[in-house]
1. Determine whether residue 500 is touching a Ser or Thr at 6+ places or on another chain (Cβ under 8 Å) and basic (Lys, Arg).
2. Kindly establish whether residue 234 is in contact with a Leu (Cβ under 6 Å, 6 or more places away or on another chain) and either among the aromatic types (Phe, Trp, Tyr) or outside the structural domain of residue 315 (by TED's automatic domain parsing) (or both).
3. Can we say residue 526 is in the same structural domain as residue 314 (by TED's automatic domain parsing) and either more than 17 Å from residue 574 (Cβ to Cβ) or at pLDDT below 95 (or both)?
4. Go through (1) more than 24 Å from the chain's Cα centre (by Cα); (2) touching a residue at least 60 places away in the same chain (Cβ under 8 Å) for residue 5 and report which single condition fails.
5. Please identify the pairs in which a residue from segment 523-539 that is farther than 14 Å from residue 503 by Cα has its Cβ atom under 9 Å from the Cβ atom of a residue that is in a loop (DSSP other than H, G, I, E, B) and not hydroxyl-bearing (Ser, Thr, Tyr), counting only partners at least 6 apart or on another chain.
6. Regarding segment 455-478, can at least one residue be identified that is at pLDDT 95 or above and touching a His at 6+ places or on another chain (Cβ under 8 Å)?
7. Confirm whether residue 103 is outside the structural domain of residue 230 (by TED's automatic domain parsing) and at pLDDT 95 or above.
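The values are calculated or read from the model by the stated rules, or taken from the named source; none is laboratory data. This is a predicted model, so every value here is computed, not measured. FYI the Cβ positions are ideal-geometry reconstructions off the backbone, even for glycines, and counts take in every protein chain you see.
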Amino acid sequence: MSLDLLHNRIDLVHIPFTDRGSRLMLFRHDHQLFVRLAERWQKWENEVGHYRRRPPIVTDFTFLSPQNEPLESIETDTYPHCARIQTAVGNFDWTFLDPETLLIRLPAGRFGMMFLAYAEQAQADYRGGAMRGKRNIAYTTNARLLENSLERRNDDYFQVRLMLEAEAGDALLLNITPRLGYNRSIPNPDQAIATSRHQWQTWFGAAPPVLDEYREQYLYAWWIMRSGLVNTRYFFTREALLPSKIHYVGVWHWDQVFHALAYRHVDTRLAEDQLRIVLDHQRADGMLPDAIHDEGLVTHLEKPVNADVTKPPIMTWAILKLYETSQHRDFLYEVYDPLTRWNAWWMNANRNGNGLCEYRHPFSSGLDDNPLWDEGMPVVAPDLNTYLVLQNESLGKIARLIGEEAAAERYERQAEELASRLIEHLWDEQAGLFRALHSGQPIPTVTPFNLLPLLTGRLPEPLVERLIANLTNPDLFWTPYPIATVAVSDARFDPQQMWRGPVWININYFLVEALKRSGRHDLAAALRRKTLELVMRHRDIYEYYNPLTGDHPPKAAPMFGWSAALFIEMAIEETNRTNA
């Protein structure tokens with residue numbers, strides 16, 4: 001049933017056929033197929049270009065008639081476990097044998113294939129051929145080879161041309177790997193497809209049930225959460241989810257936190273590993289990296305300012321959520337020391353003179369191009385200090401759970417002190433919100449991050465009322481598809497440009513949490529339902545959305561991890577609330 005609900009959601013045009021652990025993505029363009037790699041190749045970027053614009057590793061994959069003519073009409077029929085390409089000579093069923101190997105179940109009969117492969121050296125052999133280059137490629141078949149030619153097409157590509165006489169049960173393997181050894185052993189293709197089907201069914205079967213109205217998009221979100229995972233390699237120390245396999249190759253610190261929230265419902269170890277991959281690379285001074293790629297880390301950037309760069313301190317808060325689900329106390333012991341060093345880095349190295357903490361690089365906020373940073377850096381920001389209240393509060397709870405009572409009291413005092421300083425230094429009574437400060441002066445831009453101290457759950461009731469009045473004001477944030485990330489009345493509002501107006505699902509999730517912590521459960525439920533409905537308007541799940549139209553702006557990444565993860569989280573919450 002789960003697989004049927006995702007029939008043809010993978011269109012191979014906008015949404016590739018891919019699988020857990022793999023960096024391979026199969027796409028279609030007209031009557032041809034191509035394979036892209038979710039790999040940066042940073043050391044070769046000057047030669048091959050940026051990974052979003054880099055040509056495919058395998059391209060122009062074309063099926064041929066018995067007369068060696070290209071078949072210019074193909075149809076696709078897809079499920080998570082299998083992509084069927086329907087042609088005049090029969091059906092070609094693609095599945096993943098492992099993260100580096102695509103298996104194609106061949107139809108019986110005579111037909112051909114040709115494709116271009118990015119390589120520096122190539123050699124045909126008895127069952128296919130092998131190529132060497134920046135990645136190594138082998139094609140292997142147990143069908144009878146009538147023609148098997150490898151010809152240098154240009155400086156970058158070899159053309160492979162095959163003519164086969166296949167019997168039922170024959171297959172072709174396409175292995176693309178950084179390793180010296182190839183996978184050229186051909187299994188029974190029926191069994192391979194059945195194994196993949198079983199793995200996907202098991203994955204979907206582990207997910208908690210949700211209301212029928214959310215089920216189809218919920219399953220698609222779980223498809224993103226499995227298909228977007230890539231396996232370990234170099235600095236990639238754990239299996240981890242890419243924010244978008246098409247657009248963002250690596251993991252970003254706070255993305256991993258949101259991903260972990262969804263994984264906790266199906267696999268405790270996988271959820272914890274989304275955080276371990278970040279903690280594995282903690283600096284000696286306690287700072288955690290902004291991002292991790294196969295080839296290295298991002299901890300410092302020179303643009304738009306020259307400063308260290310990280311991401312907001314929300315991991316400790318999320319670890320408590322994982323613990324509430326798993327009751328895995330040993331994980332708390334494991335992460336306690338790195339979390340205390342992470343907190344100390346913020347509290348000691350990033351303090352402003354008013355006792356609050358400041359962002360010194362705009363990307364450390366996660367809100368890269370938000371107008372809050374237009375005045376310059378550093379900025380004492382309400383959102384940052386809200387996260388630090390939660391971090392200290394959460395550290396206090398973890399300390400108690402592992403028997404560190406004195407530390408627990410200390411962290412609780414720090415949380416209370418930060419909450420008091422937020423009100424003392426950032427509250428704007430006239431506007432009814434918290435201001436960000438640059439050079440001691442209030443920044444005039446109005447965003448929902450000026451309302452985020454609601455998330456502390458520690459504000460006096462009159463302040464809560466003022467903040468909620470602003471949140472629900474349709475001239476500010478309560479747009480047809482809330483929540484706009486810049487007030488619609490602000491001169492800098494742009495509904496199409498990343499953090500300068502569009503709806504981000506993680507910010508909606510924070511505000512749902514904020515409303516619950518502030519005792520506004522009905523309003524929290526209303527925002528949660530509006531967010532779920534927004535995500536369900538589209539067949540894919542996107543990075544951000546236009547708050548006025550509900551459309552996805554052209555630059556919004558598809559297959560977006562934290563939008564999928566938090567759709568899952570909110571669909572489960574709404575189901576539990578409805579069934580309570």
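1. Values: touching a Ser or Thr at 6+ places or on another chain (Cβ under 8 Å): yes; basic (Lys, Arg): yes.
Against the criterion (touching a Ser or Thr at 6+ places or on another chain (Cβ under 8 Å) and basic (Lys, Arg)), residue 500 qualifies.
2. On the way: in contact with a Leu (Cβ under 6 Å, 6 or more places away or on another chain): no; either among the aromatic types (Phe, Trp, Tyr) or outside the structural domain of residue 315 (by TED's automatic domain parsing) (or both): yes.
Against the criterion (in contact with a Leu (Cβ under 6 Å, 6 or more places away or on another chain) and either among the aromatic types (Phe, Trp, Tyr) or outside the structural domain of residue 315 (by TED's automatic domain parsing) (or both)), residue 234 does not qualify.
3. Details: in the same structural domain as residue 314 (by TED's automatic domain parsing): yes; either more than 17 Å from residue 574 (Cβ to Cβ) or at pLDDT below 95 (or both): no.
Spelling it out, it is not the case that residue 526 is in the same structural domain as residue 314 (by TED's automatic domain parsing) and either more than 17 Å from residue 574 (Cβ to Cβ) or at pLDDT below 95 (or both).
4. With respect to (1) more than 24 Å from the chain's Cα centre (by Cα); (2) touching a residue at least 60 places away in the same chain (Cβ under 8 Å), residue 5 is out only on (1).
5. 538/550; 538/551; 538/552; 539/9; 539/11; 539/14; 539/15
6. Of the residues in segment 455-478, the ones at pLDDT 95 or above are 455-478.
Then drop every residue that is not touching a His at 6+ places or on another chain (Cβ under 8 Å), which leaves none.
No, segment 455-478 contains no residue that is at pLDDT 95 or above and touching a His at 6+ places or on another chain (Cβ under 8 Å).
7. Values: outside the structural domain of residue 230 (by TED's automatic domain parsing): yes; at pLDDT 95 or above: yes.
Against the criterion (outside the structural domain of residue 230 (by TED's automatic domain parsing) and at pLDDT 95 or above), residue 103 qualifies.
Here is a yes/no grid of residues against (1) touching a Lys or Arg at 6+ places or on another chain (Cβ under 9 Å); (2) part of a helix (DSSP H, G or I); (3) among the polar types (S, T, N, Q):
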| site | (1), (2), (3) |
| --- | --- |
| 470 | no, yes, yes |
| 486 | yes, no, no |
| 496 | yes, no, yes |
| 514 | yes, yes, no |
| 525 | yes, yes, no |
